[in-house]
Number of protein chains: 2
Amino acid sequence: MRLDQATPEQLREWQTALNEQYKSLQQAGLNLDLTRGKPSAEQLDLSNALDGILNGTYTDDSGTDLRNYGGLDGIPEAKQLFAQIIDVKPEEVMIGGNGSLTLMYFAVQTALQHGVADADSAWIKESAGASIKFLAPVPGYDRHFALCEHLGIELIPVTMNADGPDMDQVEQLVKADSSIKGIWCVPRFSNPTGTVYSEQVVQRIAKLGTIAGANFRVFWDNAYAVHTLQENATALPNLMDYCRAAGTEDSVYLFGSTSKITFAGAGVAFMASSPANLNVLKKHLSFNTIGPDKVNQLRHVKFLKDMGTLNQHMAKHAAIMQPRFNAVLTSLRTELGDSGMGSWTEPEGGYFVSFDSRPGLAREIVKMAAGAGVKLTPAGATFPYGNDPQDSNIRLAPTYPTVAEIEKAMAVFVLCVKLASINQALAA
Amino acid sequence: MRLDQATPEQLREWQTALNEQYKSLQQAGLNLDLTRGKPSAEQLDLSNALDGILNGTYTDDSGTDLRNYGGLDGIPEAKQLFAQIIDVKPEEVMIGGNGSLTLMYFAVQTALQHGVADADSAWIKESAGASIKFLAPVPGYDRHFALCEHLGIELIPVTMNADGPDMDQVEQLVKADSSIKGIWCVPRFSNPTGTVYSEQVVQRIAKLGTIAGANFRVFWDNAYAVHTLQENATALPNLMDYCRAAGTEDSVYLFGSTSKITFAGAGVAFMASSPANLNVLKKHLSFNTIGPDKVNQLRHVKFLKDMGTLNQHMAKHAAIMQPRFNAVLTSLRTELGDSGMGSWTEPEGGYFVSFDSRPGLAREIVKMAAGAGVKLTPAGATFPYGNDPQDSNIRLAPTYPTVAEIEKAMAVFVLCVKLASINQALAA
């Protein structure tokens, strides 16, 4: 039944029935969680061979002893392999520690305090006390927003379309305001919408460096670069190639990691940019680190080997994740399809399903679900300052629970969506 | 022969003979290096069992899956073990990545930008544009100095005595100038002098928080806490106990790592402070990391087990290092003992021998040694801004080369010391 085709009487009947169901679910004492973008234990098991894979050999191909100090930007074999994940050249890569968030924080903070090039290019110098701003396609990733807020950078939301950020908006904004110094992008299987940026969007992003103010940088967090849920998932156009064509290689910082390839907490993160940019970053990096853990890099190279092996490994992840995503999507399609009560993404990869309720209901739905024992990502979390102006976006994270848990949680979720929608319709 | 008892004729004869020796050494084409405070491959081999030690078990005692996300400050077992290395309680510890330098940088930067407690305690707020200053006992560790310089913090050298920093100087300085916000300490087997801070010095350092300006912190880099070269090496008094007695637990940040216990580039770093301080640091840390590599923590806990096992392991390091230190000291004693040409430390632990030439000769000696194929740490490196006002301190790092290499390098070194000293005496 479509919400907008129901009579008030039908709605009231429905409301009564749903309220009954909600009460009985409340009494079921559920304790379920759809908040966490974490791999399941089954996925982590796929990489258990990492520990012990070195078999006593701690040297790279050139014979360097990886146990000792030295090497600020990673071992050649890791650069070679990880460059392919994010579609850049090995000489454009530097390897970090166990999380790309640390590299992103470092890149933003360095640009802010010390400059993207020399000291005069420090964003704080240019701003003379005024706000530095970043564009945030929304809905987006809360840790990107929190990082900026922590460093005093203001976030300007821009619309996320089906093919990536609304580039008309983006271009207009960066042209008009030179204090906009960055944009956050999760270009393939975007968090939370699963969007893959189109050829045209990627091309326009590569050209932002030519129209934005000085020292602007694209923060290209390609966290789900190889994290497909199905064969022949939509590919991401090569940003760096478009930058080369536009002469804007200095305007982009790319990020990736094996966090959701091997171990979420013990993987290897990496970033890429022009060699000129990497030299600047390494100069500053040398003051705060003795260099990343090269032994863990070697473990990863030995384990993931090459892109063929890596893609086979990712197919095993997909086989574990598919039934979980299917459980979410089946529930949404069956229970809310053509209901007029919400829309959702059906991603070809990544870690999330993004749901949009009717405006003004997300907080209410999350609260109702919590009341019946189902924890959802807080409404608003996908927007800067926790402020979803429509109060409609809810991020569903189905990787960590079991399929049975997801089915139970989704039964609660769709019920809450229905009940909240009907309550709202009747109150109107 | 003592330099000051030789006649000009004797000196000239000597000079001629040494010049001959120097020339023949130049022709020997040596390529030796005494610059690097790095463990040797033999030392690193002691920890080869780390990779593979988990045997497929990636959970801690409480059953937490250490492969996944979660845990900002380390696993309980690591806190328990590493607390003992730096003499604090487990609840005073947080675990970092593979290097303590990163934790130090983070602690200084957080204090500077975000505050040691609330936002009002940020050093930059208090300074209102004026310089923030740190005290640097000299000679000291160049990376401490470089870190401060990178963050715009001014360094004030203070004298290092045989029992630690000159506390009269230190107390006078911090009382007189509230913009002094920190002091660098390497309290046991100090880099490069090998000094172990005495009971009285430690006690006075614990009380600095009561006489310094607001938001002052001691940076206690206990890098060589368990790195003894002999049994019954001088112990370090417990700083935190003295802080508890003085009510100054908030005034100290302690640091340590397994970099020179297991793998220099793939160990585990940690820091300690009052739980109140740790809470502040963790709040800020959460914006730049998903948490440290817990799997590597578990490897270290399984490998090092307890302080008994750890100390046995350190004794194996000592057995490898002793002949190397002996090679340095034997050469110095035999060739320069009672010569009046220099003095040196005879450390009971740590990684260095600190040599002081006659004033004005360190740069010349380092240059001469380089001319004969022996690389020494640049003169001045042990002072802020590379400025050794006496131009006399040279850091010798004997852990990385073989004993035979050290013997050859030291033959060059003592020759250069003699020649430079005689040249200076004759020019006077």
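Summary table
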{"item": "For region B:55-110, with +1 on Lys and Arg beta carbons and -1 on Asp and Glu, the positive-most of B:Gly97, B:Leu72, B:Asn55 along the dipole", "result": "B:Gly97"}
{"item": "Average other protein chain Cβ within 10 Å of Cβ, residues B:378-385", "result": "0"}
{"item": "Label-point separation, B:Thr16 to B:Asn55 (7 Å along Cα→Cβ), nm", "result": "7.3 nm"}
{"item": "Accessible area per residue, Å², region A:72-154 with all protein chains present, probe 1.4 Å", "result": "32 Å²"}
{"item": "Where rotation carries B onto A, the chain B residue whose Cβ is nearest that axis, in whole Å", "result": "B:Gly52, 2"}
{"item": "For A:Gly337, inter-copy label distances in nm, listed shortest first [label point 7 Å out on the Cα-Cβ vector]", "result": "9.3"}
{"item": "FRET efficiency estimate (nearest 0.05) - Cβ-Cβ, A:Gln84 to A:Ala176, R0 41 angstrom", "result": "0.65"}
{"item": "Coil-residue trypsin sites (Lys or Arg not before Pro) of region A:300-333, DSSP, other Cβ within 10 Å capped at 10", "result": "none"}
{"item": "Length gained when the stretch A:Asn326-A:Gln390 is fully extended (0.36 nm per residue, less Cα-Cα span)", "result": "20.3 nm"}
{"item": "Solvent-accessible area of A:Thr110 with every protein chain in place, 1.4 Å probe, in Å² to the nearest 10", "result": "10 Å²"}
{"item": "Prolate/oblate/rounded label for chain B (Cα gyration tensor, a/c 1.5)", "result": "oblate"}
{"item": "Interface B:A - total buried accessible surface [probe 1.4 Å, Å², rounded to 100]", "result": "4200 Å²"}
{"item": "Computed lengthening from A:Asp118 to A:Asp33, 0.36 nm per intervening residue step minus Cα-Cα distance", "result": "25.9 nm"}
{"item": "For region B:164-297, with +1 on Lys and Arg beta carbons and -1 on Asp and Glu, the positive-most of B:Ile183, B:Gly267, B:His284 along the dipole", "result": "B:His284"}
{"item": "Occluded residues from region B:61-77, i.e. those whose accessible area drops by 40 Å² or more once the chain is not alone (1.4 Å probe)", "result": "B:Arg67, B:Asn68, B:Tyr69"}
{"item": "Whole-angstrom Cα spans of region B:1-54 along principal axes, big to small", "result": "69, 28, 13"}
{"item": "Exposure of A:Ile124 as accessible area (Å², to 10), given a probe of 1.4 Å and all protein chains", "result": "80 Å²"}
{"item": "Over region A:226-299, relative contact order from alpha-carbon pairs under 8 Å, at least 6 apart, %", "result": "22 percent"}
{"item": "Sparsely packed chymotrypsin sites (Phe, Trp or Tyr not before Pro) within region B:40-138, loop by DSSP, other Cβ within 10 Å at most 12", "result": "none"}
{"item": "Partner chain coverage, peptide B:253-260 - average Cβ within 10 angstrom", "result": "1"}
{"item": "Subset of A:Lys38/A:Lys316; A:Lys260/B:Lys283; B:Lys89/B:Lys305; B:Lys38/B:Lys316; A:Lys294/B:Lys38; B:Lys79/B:Lys175 violating a 27 Å alpha-carbon distance limit", "result": "B:Lys79/B:Lys175"}
{"item": "7 Å along Cα→Cβ, label-point gaps from A:Thr16 to other copies, nm, shortest first", "result": "12.3"}
{"item": "Cα centre as origin, Lys/Arg/Asp/Glu Cβ charges: chain B dipole, Debye", "result": "600 debye"}
{"item": "Of all accessible heavy-atom area on region B:221-260, the percent that carbon and sulfur account for (1.4 Å)", "result": "40 percent"}
{"item": "C-alpha center-to-center spacing [region A:274-334, region B:174-206] in angstrom", "result": "43 Å"}
{"item": "Accessible-area composition of region B:278-397, carbon plus sulfur, in percent [1.4 Å probe]", "result": "52 percent"}
{"item": "Delta accessible area of at least 40 Å² on complex formation, residues of region A:280-308, 1.4 Å probe, chain isolated as reference", "result": "A:Phe287, A:Asn288, A:Ile290, A:Asp293, A:Arg299"}
{"item": "With all protein chains modelled, accessible area of A:Tyr400 [1.4 Å, Å²]", "result": "80 Å²"}
{"item": "Solvent-accessible surface ranking, highest first, for B:Asp221, A:Asp120 at 1.4 angstrom", "result": "A:Asp120, B:Asp221"}
{"item": "Backbone N within region A:102-140 under 11 Å of label point (7 Å from A:Ala276 Cα along the Cβ vector)", "result": "A:117-118"}
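The values are calculated or read from the model by the stated rules, or taken from the named source; none is laboratory data. Just so we're clear, the structure is a prediction, and the values are computed from it rather than from any experiment. Note: ideal-geometry Cβ built from the backbone for every residue, glycine included; neighbour counts use all protein chains shown. Surface areas here come from the heavy atoms of the whole protein model, side chains and all, with no ligands, DNA or RNA. Shrake-Rupley method; radii C 1.70, N 1.55, O 1.52, S 1.80 Å.
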